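J.: Okay, here's the structure, questions in a sec.
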Amino acid sequence: MLGRKTKNHRSLARKRGKPLGLLELVAIALGGMVGGGIFTILGISVSLIGVYTPVAIAIGGFIAALAAYSYIQLARYYEDEGATYSFFKKTFPKSHFAASLIGWCITFGYITTIALYAYTFASYAISGSAYADDVLVRKLVACGIITVFALINIWSVIGMGKIEDLMVYTKLVILVVISFVLINNSGTTIPTLISDTGPVSIYAILIAASLTFVAYEGFQLVIHATNEMEDPQKNIPRAIYIAIGLAIAIYVIIAFGALLAIPFGDIIENQEYALASGAGNILGHWGTDLVILGAVLATCSAISGTLFGASRLMAVIATDGYLPTPLAMRRNHIPVAAIIAMSVTAMLLIAVGNLRVILEFGSMTFMLVSFLMAVANFRIRDKTKSSTAATVLALIFLAGGGVLIAAYEFSFQPEQILFMAGLYVALMVGSFAYARLERRRAT
C-alpha cells in the first residue's frame, strides 16, 4: 500500500513540476538555522567558557550533523512532507499517543522559534529609534513581521522561495563581512584571551555545545518541502549537509570576530546586541547599521523558512486527526489555515512575553525530538540502509546533550525546570485527548 502511494505521488509530482531547487532548499535550511539563535547563544556560551565558544559551536554543529543523518535516511525512505511526525508515526504505527505527542511537541517547538525570531527582529529593528526600550512597540513590530511573512507564504511557494533566496544569501554575505571586519580590527589575540579565560572543563564546553544545538534547529525544514522540490533523494541530503556546513562556518567566524573585537563583559551583558555594539565601537554608525541589517535579514529569513516548513507539518498532523481538522485545509497545495494558526499562536506567545524560558523549552524539545528520530531510524536501520555506528553515536550525543541542558537549568535556573515541566504536561494532555479521539475513530 505504501509503495503504491509513493509511486502515484512521484508520478503526480513529475507531471506538475517542482518549483524548489537545491539553492532554494539550502536557503530554507539556512533561513531556519541562521536566525535569532546565534545572537542569544553567543552571550550564554561566552559567560560559560569564554574564548572556547567557537569550539562549543563547532561541537554543536557536529551533534546537529549526527542528528541530521537519521532525518535524511528516514526522509529518503518515506518521502513524506510530514517529516519528524510522519516518520515516527509510520515507524511505530500501533501507538496513537506516540504519534500525537511528537506531533504536538514539534509543532509547538516551531511556534516558539517563530516567536523568538520575530521578537529578535523587533529588538534590532527599533534599536536605533526612540522606542528602543518600549516593550509594547517591540511586541507590535514582532507581530507585524509575522503577519508579513504569513501573507508571503500564503501568496506563493515560488514567490516565497525566491524571497528566501535573496534574504538568506544577502544576510550571509553581510554577516561574513562584519565578522572579518571585526577580526581585522581586533584589539587582542587568541593566546591572550586563552590566558585571560583560564582553565575551562570539558564538562562546561559540552554544556555550552548542547545549548548551541538550538542554533542549528531548522535544517529539517527542508524535508517539509518534499512535495515541492526537485529530486528529493539527492537534494534532501545535499541541502541539509551543505546548510549545516555553512552554518558552522558562519557561526565560528562570527564568534571569533566577536571575541577578538568586543570585551567579554559587553558580550555577556548585551548578548543580542553585542555584535551591533562591537561594530559601532570600531566602525562607527555605519557599522552598527550593517549589523542591524544583517540581524534583520537573519530573523526575517528564519521566520519565513520556519513558517513554510512547520505549517505543512501542522497540516499533515491535522489531516491524521491529531489536531483540529480545519488546520488541514489547503489552497493550491498551500496550508493556509495552518499558516494562520501558527502565526496567531506565535503572536500570543510574544504577547505573554518571557521568551527566554520558552526558547530553552524549545531547545530541550528539539533535542528530544532528534533523539526520537534516531530511535526510529535505529529500529528500521535495515530498511533505511543506515549505518548502525552513526545512528548509535547520534543517540549517545543527543541523549547526553539533553541531560546536560537539564543539569544546566537545574543548577542555574531551577524555576525554569518547573515551567518547562508545566508546558510538557499541557502538551501531553492535549495530545492524549486527540489520540483518544483518533483511536475511537479508528476502531
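J.: Answer with yes or no whether residue 417 is over 18 Å from residue 215 (Cα atoms) and surrounded by fewer than 14 Cβ atoms within 10 Å (Cβ to Cβ).
T.: Against the criterion (over 18 Å from residue 215 (Cα atoms) and surrounded by fewer than 14 Cβ atoms within 10 Å (Cβ to Cβ)), residue 417 does not qualify.
J.: Being modelled with pLDDT of 90 or more and in a helix (DSSP H, G or I) is the requirement here; does residue 70 meet it?
T.: Taking the combined requirement at face value, the residue satisfies it.
J.: Counting only residues that are farther than 21 Å from residue 345 by Cβ and modelled with pLDDT of 85 or more, which one in region 96-128 is surrounded by the most Cβ atoms within 10 Å (Cβ to Cβ)?
T.: Checking each candidate, the answer is 96.
J.: Which residue, of 239, 247, 225, 209, is over 13 Å from residue 26 (Cβ atoms) and in contact (Cβ under 8 Å) with a residue 40 or more places away in the chain?
T.: The match here is 209.
J.: OK, next. Taking the condition of being modelled with pLDDT under 80, crowded, with 18+ Cβ neighbours inside 10 Å and small (Gly, Ala, Ser), how many residues in region 187-224 meet it?
T.: Here the count works out to 1.
J.: Right, next: For region 92-135, which positions are hydrophobic (A, V, I, L, M, F, W, C), assigned to a loop (DSSP other than H, G, I, E, B) and free of Cβ contacts under 8 Å to residues at least 60 places away in the same chain?
T.: 126, 130, 132, listed by residue number.
J.: Can you find, within region 389-399, the residue that is surrounded by the fewest Cβ atoms within 10 Å (Cβ to Cβ) among those that are over 15 Å from residue 59 (Cβ atoms) and aliphatic (A, V, I, L, M)?
T.: Here the answer is 389.
J.: I would also like to ask the following. Only one of 293, 313 is out of contact with any Asp or Glu (no Cβ under 6 Å at 6 or more places or on another chain), surrounded by fewer than 24 Cβ atoms within 10 Å (Cβ to Cβ) and at pLDDT below 85. Can you tell me which?
T.: Sole residue among the options that is out of contact with any Asp or Glu (no Cβ under 6 Å at 6 or more places or on another chain), surrounded by fewer than 24 Cβ atoms within 10 Å (Cβ to Cβ) and at pLDDT below 85: 293.
J.: Scan region 65-79 and report the pairs whose first residue is farther than 13 Å from residue 238 by Cα and touching a residue at least 60 places away in the same chain (Cβ under 8 Å) and whose second residue is among the β-branched types (Val, Ile, Thr) and crowded, with 20+ Cβ neighbours inside 10 Å, with Cβ atoms within less than 8 Å and a gap of 6+ or a chain change.
T.: 70/391; 74/91; 74/384; 77/384; 79/226
J.: Could I ask something else about it? Kindly provide the set of residues from region 80-99 that are in contact with a Lys or Arg (Cβ under 9 Å, 6 or more places away or on another chain), under 19 Å from residue 29 (Cα atoms) and not aliphatic (A, V, I, L, M), ordered by number.
T.: 80, 81, 82 - these are the residues of region 80-99 that are in contact with a Lys or Arg (Cβ under 9 Å, 6 or more places away or on another chain), under 19 Å from residue 29 (Cα atoms) and not aliphatic (A, V, I, L, M).
J.: Taking the conditions exactly as written (without any contact (Cβ under 8 Å) to a residue 24 or more places away in the chain, surrounded by 16 or more Cβ atoms within 10 Å (Cβ to Cβ) and touching a Leu at 6+ places or on another chain (Cβ under 8 Å)), does residue 376 satisfy them or not?
T.: No.
J.: OK, next. Could you check region 173-193 and list, in sequence order, the residues that are farther than 15 Å from residue 293 by Cα and touching a residue at least 24 places away in the same chain (Cβ under 8 Å)?
T.: Within region 173-193, 180, 181, 182, 183, 185, 186, 187, 188, 189, 190, 193 qualify.
J.: Taking residue 303, is it modelled with pLDDT of 80 or more, in contact with a Ser or Thr (Cβ under 8 Å, 6 or more places away or on another chain), β-branched (Val, Ile, Thr) and in a helix (DSSP H, G or I)?
T.: Against the criterion (modelled with pLDDT of 80 or more, in contact with a Ser or Thr (Cβ under 8 Å, 6 or more places away or on another chain), β-branched (Val, Ile, Thr) and in a helix (DSSP H, G or I)), residue 303 does not qualify.
J.: Checking residue 386 against (1) surrounded by fewer than 24 Cβ atoms within 10 Å (Cβ to Cβ); (2) part of a helix (DSSP H, G or I), which test does it fail?
T.: The failed condition is (2).
J.: Right, here's the next one. Out of region 311-342, which residues are more than 30 Å from residue 414 (Cα to Cα), of a type outside the set (Val, Ile, Thr) and in a helix (DSSP H, G or I)?
T.: Selection gives 311, 312, 313, 314, 315, 318, 326, 327, 328, 337, 338, 341.
J.: If I filter region 25-42 down to residues being at pLDDT below 70, in a helix (DSSP H, G or I) and touching a Ser or Thr at 6+ places or on another chain (Cβ under 7 Å), which single residue comes out as farthest from residue 211 (Cα to Cα)?
T.: 32
J.: With respect to residue 262, is the statement that it is surrounded by fewer than 22 Cβ atoms within 10 Å (Cβ to Cβ), modelled with pLDDT of 65 or more, in contact with a helix residue (DSSP H, G or I) (Cβ under 7 Å, 6 or more places away or on another chain) and β-branched (Val, Ile, Thr) true?
T.: It is false that residue 262 is surrounded by fewer than 22 Cβ atoms within 10 Å (Cβ to Cβ), modelled with pLDDT of 65 or more, in contact with a helix residue (DSSP H, G or I) (Cβ under 7 Å, 6 or more places away or on another chain) and β-branched (Val, Ile, Thr).
J.: While we're on this one: Quick one: which residue in 342, 347 is surrounded by fewer than 23 Cβ atoms within 10 Å (Cβ to Cβ), at pLDDT 85 or above, within 19 Å of the chain's Cα centre (by Cα) and more than 24 Å from residue 399 (Cβ to Cβ)?
T.: 347
The values are calculated or read from the model by the stated rules, or taken from the named source; none is laboratory data. What you are looking at is a predicted structure, and each value in this text was computed from that prediction instead of being measured. Every residue, glycine as well, gets a Cβ built from its backbone with ideal geometry; the counts of neighbours run over all protein chains shown.
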